[in-house]
Amino acid sequence: MQKRGPIRLFTPRYWRELWRLFALDDIPEHAGEIRREQSGILSNTVFLYTLLGVSSSTLFIFGLDNRPSTLLVIQWVFLIFLYVCLNINKHTWQKDQNDARFISRSLFLFVALGCTWGTIISRFALEDEFITDGVLLEISMGLVSTPIIGVPLSAAFAFFLPFSSFCILVIFTCLHTVEAVAKFSFVGFIGFAASGIIYINKILIERAISRLNLERQNETISVFLREYETNSPDWLWETDRNGRLRNVDVKMKRFFQPRSATIEGCCFADLGFENDDTTRPTIDALIRNNQPFRDHVVLTRQNGQKYYFNITGHPAHDRNGHFLGFRGVSSNITEKKKAESRVHFMANYDDLTKVMNRQAFLKTLHRYCENKTPFTFLLIDVDRFKLVNDQYGHEVGNVMLRMIVKRIKRACHPTDLIGRLGGDEFTLILPSADQDEAVAFSRSLVESFNQEFFIDHIAIRPSVSVGVAFFPRDGETTERLFHHADLALYHAKKHRNSFSLFKPAMEEEYFKKVKLKADLVTAIDNKEFFLEYQPIFDTTTAHIVSAEALIRWRHPEHGVLSAEKFIKTIEDNGLVDEIGAFTLNHACREAVKWPGHLPIAVNVSPSQLRSGNFVSVVATCLNDTGLPPLGWDLK
């Protein structure tokens, strides 16, 4: 039923809604049940109406008038007859439960009763000199108020309307001794009684509708609960006031077999339930403190396996507010937990080696740095791993990485943390190692890889290079510590199969290379490179037989630099093709000018030969300069 606003008696809309309410038009699905309830209330009040009517009529007619007229006696007999018929109608309904017939017959009888009572009051007012006008007015008021408890509304008004009409007519035409104020007060009382009849019937119908809606909701909930209990894997549980289980669900008993017979009367702790989050209070503690809880995750062990449950519970009370215990539901979330664990593992661990991945390890390293506790940080790189991949394939390479992780783990303490950054790079955190322990660990780790791996009858002897940095000495942030360990690793990889501790000189060298790289880029644009030529003599004749072209860099700060100062930086930063082409072109142009076609030797980097462009660069140079191919020597 829709929620109704406040009562406004003098608005047409309110009276239309009130009419629809009493006609039960808004609730066709409940009309039959409400008619049955109205019939029941009417049946219960018939005896009261009969008792009041018979006793009142007998008192009025025979008690107040010593000599009632024959007509008045006949009216009294007819009144008694109507009350008898009303009770017969009641008993008939109790047998056949025909609500429509019972109410319609009752309406007819109540109209007859109202008219009969009205004629009796009229007879008293016209003929009986023993009853004063005031007493007659009081009797009328009493009878007018009788239908206030009448249900349904039609039955109440079936008596009220004819009787009140007779009373108004009698009071204004026959009771001359009654003051006008009293007469109009009586009319007001009739209006009040009518409002009371309407209001009480309205309240009863609305309460009946609310109760029926609630019953229907309860039925729906019961259906869902039965369906839930039948088909859902979840448990419904309840406890008594002491927190002990009672009315244990069949599925719960089945889970705890073979001890299912002893579950009744147990608390949750007796069943082995433990908090997944140890910082939260236990379920038994929450129940003892009468605290509702939701999505409380617990675990228990059954047949050697862990099972997780999500438990929700609320306190239950009776109608008087007395605590009865707890009611709740328990969901088995073991598979969900396993799925979450798999997702967590995939997000934080390397699938191939089962150690922490780059992202998880860097987060862990950051937490260690925030804790300000000294520790040792290692970067490990597998030497020549690409060679193994190229020669034996990625499957062998993957097996080799897993075996490398096993060897690293064998060397580690249980508290040490290992991670894979990607490819063939691994990391280690040694929480409690000082410098001497870190040196000893790194040395033993490097030496442990001198033993061969056998993969599908393939013997592989890998080696590793290790860079070591110490927190907080070598860096107080993740970035600084990682950078310094990387510099130490770079230094170790120069020798391979070795380890190196970070030293400040490594960073100085690093920054020099960074500065050198930036200067090299500008040196090409500023034409700061030039060639010097070293003559080559024949020791027997002391004649010059050729010359070697040597590249030099006229640095704006450091003066003229020989190739050995910058050639490695050129190769590492991909500038060798451009500078190599410059050297070839300038050397050939100079050699063409020399007398006697003196050969010239030019140094070539291995990186130039691997680039794939070297042949075309040489051909272009010879074509542009006209130098004979036999006129130079590539070294």
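The values are calculated or read from the model by the stated rules, or taken from the named source; none is laboratory data. No experiment lies behind these values; they were computed from the predicted model shown. All Cβ positions, even for glycine, are placed from backbone atoms using ideal geometry, and neighbour counts span all protein chains on display. Only protein heavy atoms, including side chains, enter the accessible area calculation; ligands, DNA and RNA are left aside. Shrake-Rupley method; radii C 1.70, N 1.55, O 1.52, S 1.80 Å.
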At the level of C-alpha centres, the distance separating the stretch 262-290 and the stretch 449-484, in angstrom, is 48 Å
I need the per residue convex hull volume for the stretch 384-538, using only the alpha carbons, in cubic angstrom as a whole number.
212 Å³
If you find the alpha carbon centre of the stretch 34-78 and of the stretch 559-635, how far apart are they in angstrom?
135 Å
Averaged over all directions, how much area does the convex hull of the C-alpha atoms of the stretch 353-392 cover when projected, in nm²?
4.0 nm²
D (Stokes-Einstein, µm²/s), Kirkwood Cα radius, the stretch 319-359, 1.567 mPa s at 4 °C
94 µm²/s
Enter the mean projected area of the convex hull around the alpha-carbon atoms of the stretch 135-255, in nm², rounded to one decimal.
12.9 nm²
Give the average over all directions of the projected area of the C-alpha convex hull of the stretch 450-546, one decimal, in nm².
14.0 nm²
Given H placed 1.01 Å from N in the peptide plane, which residues other than close sequence neighbours of Ser546 have an amide H under 5 Å from its amide H?
Ile536
With every protein chain kept in place and ligands, DNA and RNA left out, what is the accessible area per residue of the chain? Probe 1.4 Å, answer in Å².
56 Å²
Nonlocal amide H pairs with Leu324, under 5 Å, H built at 1.01 Å:
Ala316, His317, Asp318
Which of the DSSP-defined H helices in the chain satisfy a minimum axial length of 27 Å, computed from C-alpha atoms, and a minimum mean Kyte-Doolittle hydropathy of 0.5?
70-96, 99-127, 153-173
Given contacts defined as C-alpha pairs under 8 Å and at least six residues apart, what's the relative contact order of the stretch 405-555, whole-number percent?
13 percent
For the chain, what relative contact order do you get, as a whole percent, if you take Cα pairs closer than 8 Å and at least 6 residues apart?
6 percent
Under 8 Å for C-alpha pairs, at least 6 residues apart: give me the relative contact order for the stretch 447-508, rounded to a whole percent.
31 percent
Per q in 0.08, 0.10, 0.12 1/Å, what log10 I(q)/I(0) does a Debye calculation on the alpha-carbon atoms of the chain return?
-0.88, -1.08, -1.22
Sorting check: for 489-498, 303-312, which peptide has the highest mean count of neighbouring beta carbons within 10 Å, and how do the rest follow?
489-498, 303-312
Each residue of the stretch 556-563 in turn: what ³J(HN,Hα) in whole Hz from Karplus with 6.51, -1.76, 1.60 and θ = phi - 60°, glycine and Pro shown as x?
x, 10, 9, x, 7, 10, 6, 4
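What does the charge dipole of the chain about its Cα centre add up to, to the nearest 20 debye, if the Cβ of each Lys and Arg holds +1 and the Cβ of each Asp and Glu holds -1?
1280 debye
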Pairwise centroid distance, computed over Cα atoms, of the stretch 109-123 with the stretch 163-192, Å
16 Å
Karplus 3J(HN,Hα) series, Hz, for the stretch 539-555 with 6.51 cos²θ - 1.76 cosθ + 1.60 (x for Gly, Pro)
5, 7, 10, 6, 9, 6, 9, 6, 9, 10, 7, 10, 7, 10, 10, 8, 6
Need one word for the stretch 36-160: rounded, prolate or oblate. Basis is the Cα gyration tensor (sqrt eigenvalues a ≥ b ≥ c); a/c below 1.5 gives rounded, then a/b vs b/c decides.
prolate
The answer for Asp633, listing residues at least 5 apart or on another chain whose modeled amide H is closer than 5 Å to its amide H, is Ile600, Ala601, Val602
Which percent of the accessible heavy-atom area of the chain goes to carbon and sulfur, probe 1.4 angstrom?
57 percent
Dividing the alpha-carbon Rg of the stretch 546-635 by 2.2 N^0.38 Å yields what?
1.11
